[in-house]
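Enquirer: Just passing along the structure, written as structure tokens.
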Amino acid sequence: MDTSSINIRYSDLAEQSCCLSCGGAINYAEPRTGECCVDLGSGRGTDVLRMAEAVGATGFAYGVDISDGMLETARNNAKKLGVANVSFVRSDLETIAIPGEIADLVISNCTINHAADKLKVWKEVHRILKSGGRFVVSDIYATEPVPEQYCTDPVAVSECWAGAVTRDEYMNTLSEAGFKDIQVLEESKPYPKGLIHVASFTIFGIKEKKCCCCG
Ligand SMILES: C[S@@+](CC[C@H](N)C(=O)[O-])C[C@H]1O[C@@H](n2cnc3c(N)ncnc32)[C@H](O)[C@@H]1O
């Protein structure tokens, strides 16, 4: 997908103090000492820095983002605070530039709705998680299918609404990517966004443990 509208929009917002989140993924994530954590669409890096502190020197936190402005702000924030166990990686979520089976925990807040191919993103989440690893993701879904003319409009998608899919489509994509037994940790009532109505939710899932003794 052409991510240039997203890069421009978020680079413009990188130095502003506006809230970019739609849920509280980090509040449910519970990063543990020594874990490797990844934040998809890490923005200014706030959640990555929180995870880096929680996992300590034996753990590591990656932020992944496509916006040059956001990456610069996040790296400056890490430097200012002297946080060493982090890396901010420039990458599209559809092909995450991180090795497979590296993460104990993947979080994301209000980002996956931007991706044109959400199945690709969720397959990437599955790929980078270790066996038994978990994700906690906050995102929005549309209460009705978004009309075609908006969902292919890159500017409307970058504004965090036109890329939203319905709740059913969201859940089907997760299952197709290999995640079962998704738990919904919080969910809002529908509210207007752009030209549609959306709702926000925070979901939790686990990459099934490989069975070493079967077959
Ligand atoms: C709404 S902001 C959320 C930022 C942060 N998670 C927060 O809660 O403050 C979405 C972020 O995702 C990034 N992003 C959007 N689409 C992306 C994509 N396809 N690949 C990588 N990053 C993307 C944007 O650059 C932006 O920093």
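Bear in mind that the values in this text are calculations on the coordinates, not laboratory data. Only a predicted model underlies this, so the values are computations on that prediction, with no experimental measurement involved. Please note: Cβ atoms are built from the backbone with ideal geometry, for glycine as well, and neighbour counts cover all protein chains shown.
Enquirer: Principal axis lengths of region 1-70 from Cα atoms, whole Å, largest first?
Expert: Principal axes ranked by extent give 37, 21, 21 Å for the Cα atoms.
Enquirer: Fewest first, what order do Lys207, Lys79, Lys123 take by the number of other Cβ atoms within 10 Å?
Expert: Lys79, Lys123, Lys207
Enquirer: Skipping prolines and chain starts, which residues have an amide H placed within reach, meaning under 5 Å, of the one on Ser91, given they are 5 or more residues away or on another chain?
Expert: Asp65, Ile66
Enquirer: I've got another one for you. Calculate for the chain the 222 nm mean residue ellipticity that helices alone would give, adding -39,500 (n - 2.57) per DSSP H run of length 4 or more and normalising by residue count, nearest 500 deg cm²/dmol.
Expert: Mean residue ellipticity, 222 nm, calculated: -9000 deg cm²/dmol.
Enquirer: Would you kindly derive the ³J(HN,Hα) couplings of region 150-155 from the backbone phi angles with the Karplus curve 6.51 cos²θ - 1.76 cosθ + 1.60 (θ = phi - 60°), listing them in order in whole Hz, with x for Gly and Pro?
Expert: 8, 6, 9, 8, x, 6
Enquirer: If you look for lysine pairs in the chain that are eight or more places apart or on different chains, how many of them have Cα atoms under 12 Å apart? Don't jump to the answer; show the numbers that get you there.
Expert: On the way: Lys123/Lys207; Lys130/Lys207; Lys130/Lys209; Lys130/Lys210; Lys180/Lys207; Lys180/Lys209.
Number of lysine pairs found: 6.
Enquirer: Sorting Leu20, Leu174, Leu105 on the 10 Å Cβ count, fewest up front, what's the list?
Expert: Leu20, Leu174, Leu105
Enquirer: In units of 2.2 N^0.38 Å, what is the alpha-carbon radius of gyration of region 65-111?
Expert: Normalised by 2.2 N^0.38 Å, the Cα Rg of region 65-111 equals 1.24.
Enquirer: Next up: Ratio to report: Rg/Rh of the chain, with Cα atoms as the point set and Rh obtained by the Kirkwood method; give two decimals.
Expert: With Rg and the Kirkwood Rh in hand, the quotient comes to 0.96.
Enquirer: Just to be sure I understand the model, the point goes 7 Å from the Cα along the line to the Cβ. What's the resulting Gln183 to Glu148 distance in nm?
Expert: 4.1 nm
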